[in-house]
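The values are calculated or read from the model by the stated rules, or taken from the named source; none is laboratory data. Please read these numbers as outputs of a predicted model, since none were measured by experiment. Cβ: placed from backbone, ideal geometry, glycine included. Neighbour counts: every protein chain shown.
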């Protein structure tokens with residue numbers, strides 16, 4: 001149906017929603033769906049209907065489920081352009097908590113354990129900027145804070161990435177997440193893991209962390 005009615009946004013949104021439900025919790029279903037071309041169908045729908053909220057929201061949810069799968073499925077998703085459509089959705093729907101949450105979760109899954117070359121692709125796509133924007137926009141939302149910290153933890157590994165993350169405000173949002181969600185183990189673990197990578201060997205990021213309140217955050221977390 002999605003291939004036959006590519007220009008109909010309503011059909012595309014319903015197709016993405018159906019894939020989201022079918023693939024919930026079943027690895028076998030995800031593998032069958034991927035082999036049937038589900039990843040490419042969702043990516044095509046999201047590219048063709050950038051201005052349709054339903055397609056973008058359901059598409060992000062479907063991709064989160066699809067990509068939480070064996071490595072070969074994640075590689076197929078990567079090659080299909082999943083990172084780029086997720087970033088575009090986050091840019092276009094900053095005010096939509098569902099889009100931000102689902103896309104953040106999918107990006108973390110996609111970027112985790114990828115090669116440095118692949119992470120560079122994610123950087124060039126604008127992952128760091130959209131994740132920082134999501135964290136700033138939803139300070140009180142624990143799942144989004146944890147997912148945003150998780151993306152930052154996964155993507156920052158070298159001096160160039162540290163500098164770019166610092167310039168984008170990533171240090172400050174991670175510290176703020178720790179301060180605002182002192183009772184969340186997930187947020188604390190991901191925030192401090194990501195922060196450790198961002199401040200390692202970077203005097204500028206260390207200064208940013210101190211000015212953002214890292215000392216108070218660390219004491220509160222303990």
When (1) assigned to a helix (DSSP H, G or I); (2) modelled with pLDDT under 95; (3) within 28 Å of residue 68 (Cβ to Cβ); (4) more than 17 Å from the chain's Cα centre (by Cα) are applied to residue 176, the one that fails is (2)
If the requirement is being at pLDDT 95 or above and touching a helix residue (DSSP H, G or I) at 6+ places or on another chain (Cβ under 7 Å), which of these qualifies: 144, 214? 144
Condition first: at positive phi and surrounded by 15 or more Cβ atoms within 10 Å (Cβ to Cβ). Now tell me which residues in segment 104-146 satisfy that. 126
Assuming residue 204 fulfils every condition listed in (1) surrounded by fewer than 22 Cβ atoms within 10 Å (Cβ to Cβ); (2) under 22 Å from residue 97 (Cβ atoms); (3) modelled with pLDDT of 95 or more apart from one, which condition is it? (2)
Meets criteria (within 23 Å of residue 88 (Cα to Cα) and either at pLDDT below 85 or assigned to a helix (DSSP H, G or I) (or both)) for residue 18: yes
Can you give me the number of residues within segment 179-195 that are without any contact (Cβ under 8 Å) to a residue 24 or more places away in the chain and assigned to a helix (DSSP H, G or I)? 2
Pull out all pairs, ordered by first then second residue, where Cβ-Cβ is under 6 Å, the residues are six or more apart or on different chains, the first lies in segment 36-58 and is in the same structural domain as residue 91 (by TED's automatic domain parsing) and more than 15 Å from residue 95 (Cα to Cα), and the second is surrounded by fewer than 19 Cβ atoms within 10 Å (Cβ to Cβ) and at pLDDT below 90. 49/9; 55/9; 58/17
Looking at segment 89-122, which of its residues are more than 15 Å from residue 147 (Cα to Cα), assigned to a helix (DSSP H, G or I) and either touching a residue at least 12 places away in the same chain (Cβ under 8 Å) or touching a helix residue (DSSP H, G or I) at 6+ places or on another chain (Cβ under 8 Å) (or both)? 89, 91, 92, 116, 118, 119, 121, 122
Selection within segment 48-88 - assigned to a helix (DSSP H, G or I) and farther than 21 Å from residue 134 by Cα: 48, 66, 71, 72, 73, 74, 75, 76, 77, 78, 79, 80
For segment 147-160, name all the residues that are in a helix (DSSP H, G or I) and surrounded by fewer than 24 Cβ atoms within 10 Å (Cβ to Cβ). 153, 154, 159, 160
Only one of (1) more than 21 Å from residue 145 (Cα to Cα); (2) surrounded by 24 or more Cβ atoms within 10 Å (Cβ to Cβ) does not apply to residue 86, and that is (1)
Hey, residue 24 outside the structural domain of residue 145 (by TED's automatic domain parsing), at pLDDT below 85 and part of a loop (DSSP other than H, G, I, E, B) or not: yes
